[in-house]
Amino acid sequence: MLSVYRAGQLLLNLEKNKMSRTVFIAGNWKMNKTAAEAKAMIEELKPLVAGLKDVEIGIAPTFTSIGAAVEAAKGSNIKIGSQNIHWAENGAFTGEISADMLKEAGVQFVIIGHSERRQYFGETDETVNSRTKACLAANLQAVVCIGETLEEREGDKTETVLETQLKGGLAGLSNEDMADVVIAYEPVWAIGTGKTATKEMAQDTQAFCRKVLTDMFGVETAQTVRIQYGGSMNAGNSAELVAQEDIDGGLIGGASLSADTFVELIKNAIS
Ligand code: 13P
């Protein structure tokens, strides 16, 4: 049995680990906003988030809006990401975009394996793995998305699905690589539906993800990896979600499309 002293130490360590992981809130704009609209919103957002401490803020616009977004975000604490990346350096891959192209455009992070890409565009754990490796090789931060469908949750398959996605998507990565990897846990049934996972459910599931990361990379590395929650996160629930031990930020769809709601969400998350 754990002594009271040892249990206290463990709790202190968990608290320390949580504090050492900077909260990362990123907006995934999906297929929304033209370049002009992206510029306008980032200009509106800039003064509202200036000076916010202990939080990393990102926006991932569509490819065609990246240039305008990077320009608008200059000199601010907003970093710009992309929603996909291809694993090849160049070549006959119509519709795809390479790491060099993204870097040149000023991108700093890449969302990989979003459930919409898995559902509509044939993304698999294998392609997620290839994209993640290309992203890291270019010194870009990878936000690797995982999540179960409603059918999988109801069929008691959540843990198996998440473990498979983590092990497949992160296969072959080193502990050093993991310094530039963020995991986004997005239950598919919570995306754009207004149905958020309860804080307890999200925490339990993300603690499980960290356990899988511990099996794969050891406890020290697993404790440094940030795990975001995504799926109907908004200004009303961001505080209680991000307060959880294993929830280190959010990947935000709908609520990131207007400056006011996004700022309120961020402020509540770090309050
Ligand atoms: P919503 O916040 O609109 O539910 O979308 C979540 C998401 O898919 C972010 O990647």
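Candidates are the residues of region 135-191 that are polar (S, T, N, Q), over 14 Å from the mean Cα position of the chain (by Cα) and under 21 Å from Ile252 (Cβ atoms); the one that is surrounded by the fewest Cβ atoms within 10 Å (Cβ to Cβ) is Thr149.
For beta carbons closer than 7 Å, sequence separation of 6+ or different chains, a first residue in region 171-198 that is farther than 14 Å from Leu241 by Cβ and a second that is within 13 Å of the ligand (Cβ to nearest atom) and part of a loop (DSSP other than H, G, I, E, B), the qualifying pairs are Val188/Gly147; Trp189/Lys195; Ile191/Gly231; Ile191/Gly253; Gly192/Gly253; Thr193/Ser232; Gly194/Ser232.
Within the bounds of region 117-131, is there any residue that is in contact (Cβ under 8 Å) with a residue 60 or more places away in the chain and assigned to a strand (DSSP E or B)?
no
Screening Asn84, Asn90 for residues that are of a type outside the set (Lys, Arg), within 16 Å of the ligand (Cβ to nearest atom) and in a loop (DSSP other than H, G, I, E, B) leaves exactly one candidate, Asn84. Within region 226-252, residues that are within 13 Å of Glu186 (Cα to Cα) and within 12 Å of the ligand (Cβ to nearest atom) have Cβ atoms under 6 Å from residues that are hydroxyl-bearing (Ser, Thr, Tyr) and part of a helix (DSSP H, G or I) in no pair, counting only partners at least 6 apart in sequence or on another chain. Only one entry of Gly250, Gly231 meets the criterion of being in contact with a Pro (Cβ under 7 Å, 6 or more places away or on another chain), within 25 Å of Asp54 (Cβ to Cβ) and at pLDDT 95 or above, and that entry is Gly231. Looking across region 161-191, just one residue is part of a loop (DSSP other than H, G, I, E, B) and touching a Cys at 6+ places or on another chain (Cβ under 7 Å), and that is Glu186.
The values are calculated or read from the model by the stated rules, or taken from the named source; none is laboratory data. Computed from a prediction, not measured in an experiment: that's the story for all the values here. All Cβ positions, even for glycine, are placed from backbone atoms using ideal geometry, and neighbour counts span all protein chains on display.
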